[in-house]
């Protein structure tokens with residue numbers, strides 16, 4: 001698909017200076033806001049370097065595996081059960097909507113099945129939230145992400161167009177990783193906004209596993225995974241159980257190491273498979289807690305809180 005590669009190359013050339021400008025602006029605002037280096041929590045050189053390295057590893061895996069997943073998508077495309085839509089406006093609009101829904105499904109599974117959470121957890125492991133966090137890739141996701149796009153090929157969408165649409169929507173998915181944009185009015189009901197995505201990256205109990213969309217928040221509103229950002233509950237970024245070290249290898253593989261420990265326990269094979277396939281935090285004796293367990297416990301013992309949404313850009317204390 002030479003045309004696809006040419007378009008992606010153009011997109012990379014256009015988006016790279018755009019990203020660099022926004023990141024530079026965000027760093028400037030962070031340092032201008034905080035005169036004391038100890039309060040500059042939005043950016044850390046080591047964390048940003050880790051984000052960049054994870055992006056490069058992810059990109060390398062995607063390139064090496066591309067011939068395989070493109071070939072699989074093309075093979076399924078030959079068995080399309082619906083003829084391609086002739087109207088280009090309708091075609092691209094429907095592709096955008098359905099691919100965004102496919103990503104929502106992928107993202108939901110990544111959060112609710114420990115096997116895939118072990119891949120995706122890398123993206124959530126930073127305790128910082130800034131534009132470089134958008135590049136903190138789930139490095140092995142290219143090995144299975146294409147599976148969620150197979151249904152699109154079966155209903156007449158060209159694999160090349162699917163890849164192009166994913167590249168385009170990724171740009172939006174990256175720029176919502178910021179604390180410098182507050183509520184966006186009526187857009188909050190349709191699009192994934194920075195406010196929505198701050199909730200997604202937070203480890204506060206009521207924020208866990210919420211706001212899964214890439215571009216559209218409508219899927220979360222439809223399927224019950226939506227949570228607004230609360231003025232009384234500032235997001236605490238990172239994992240509910242922070243990783244022990246920030247080394248690159250440990251950042252990528254720490255959850256796999258925990259799965260390995262569970263598999264070495266004397267337990268039936270069925271139990272070991274449940275460790276892999278059930279939600280993160282599941283255990284046969286209930287000694288651990290899943291997100292649902294934590295949230296149910298929180299509902300039983302609610303803390304007083306205001307439910308007013310954040311109305312403007314975060315203050316210096318939030319950054």
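The values are calculated or read from the model by the stated rules, or taken from the named source; none is laboratory data. Since the structure is predicted, the reported quantities are computational estimates derived from the model, not experimental observations. In this analysis, Cβ positions are derived from the backbone assuming ideal geometry, glycine residues included, and neighbour counts consider all displayed protein chains.
Screening residue 15 with (1) modelled with pLDDT of 75 or more; (2) within 29 Å of residue 68 (Cα to Cα); (3) loosely packed, with under 11 Cβ neighbours inside 10 Å gives one miss only, at (3).
Filtered by the rule that a residue be touching a residue at least 60 places away in the same chain (Cβ under 8 Å) and farther than 14 Å from residue 100 by Cα, segment 206-222 gives 206, 208, 209. Take the conditions in contact with a strand residue (DSSP E or B) (Cβ under 7 Å, 6 or more places away or on another chain) and either farther than 22 Å from residue 168 by Cβ or at pLDDT 95 or above (or both) and apply them to residue 201. Does it pass? When the stated conditions are applied, residue 201 passes them. For segment 18-55, a residue qualifies if it is modelled with pLDDT under 80, surrounded by 11 or more Cβ atoms within 10 Å (Cβ to Cβ) and in a helix (DSSP H, G or I), and the qualifying residues are 31, 33, 39. Residues in segment 237-246: is at least one free of Cβ contacts under 8 Å to residues at least 40 places away in the same chain, farther than 27 Å from residue 47 by Cα and loosely packed, with under 15 Cβ neighbours inside 10 Å? No, the conditions are met nowhere in segment 237-246.
Looking across segment 139-148, just one residue is outside any helix (DSSP H, G or I), touching a residue at least 40 places away in the same chain (Cβ under 8 Å) and surrounded by fewer than 22 Cβ atoms within 10 Å (Cβ to Cβ), and that is 140. In segment 290-302, the residues that are assigned to a loop (DSSP other than H, G, I, E, B) form Cβ pairs under 6 Å with partners that are surrounded by 14 or more Cβ atoms within 10 Å (Cβ to Cβ), at six or more places apart or across chains, as follows: 290/279; 290/281; 290/282. In segment 188-203, how many residues are under 23 Å from residue 43 (Cβ atoms) and surrounded by fewer than 17 Cβ atoms within 10 Å (Cβ to Cβ)? Count: 1. The residue that is surrounded by the fewest Cβ atoms within 10 Å (Cβ to Cβ), counting only those in segment 168-187 that are in contact with a helix residue (DSSP H, G or I) (Cβ under 6 Å, 6 or more places away or on another chain) and assigned to a helix (DSSP H, G or I), is 171. Does any residue of segment 76-99 turn out to be in contact with a helix residue (DSSP H, G or I) (Cβ under 6 Å, 6 or more places away or on another chain), over 24 Å from residue 9 (Cβ atoms) and buried (at least 18 other Cβ atoms within 10 Å of the Cβ)? Checked segment 76-99: no residue is in contact with a helix residue (DSSP H, G or I) (Cβ under 6 Å, 6 or more places away or on another chain), over 24 Å from residue 9 (Cβ atoms) and buried (at least 18 other Cβ atoms within 10 Å of the Cβ).
If you go through segment 149-163 and keep only what is buried (at least 19 other Cβ atoms within 10 Å of the Cβ) and farther than 14 Å from residue 94 by Cα, you end up with 159, 163.
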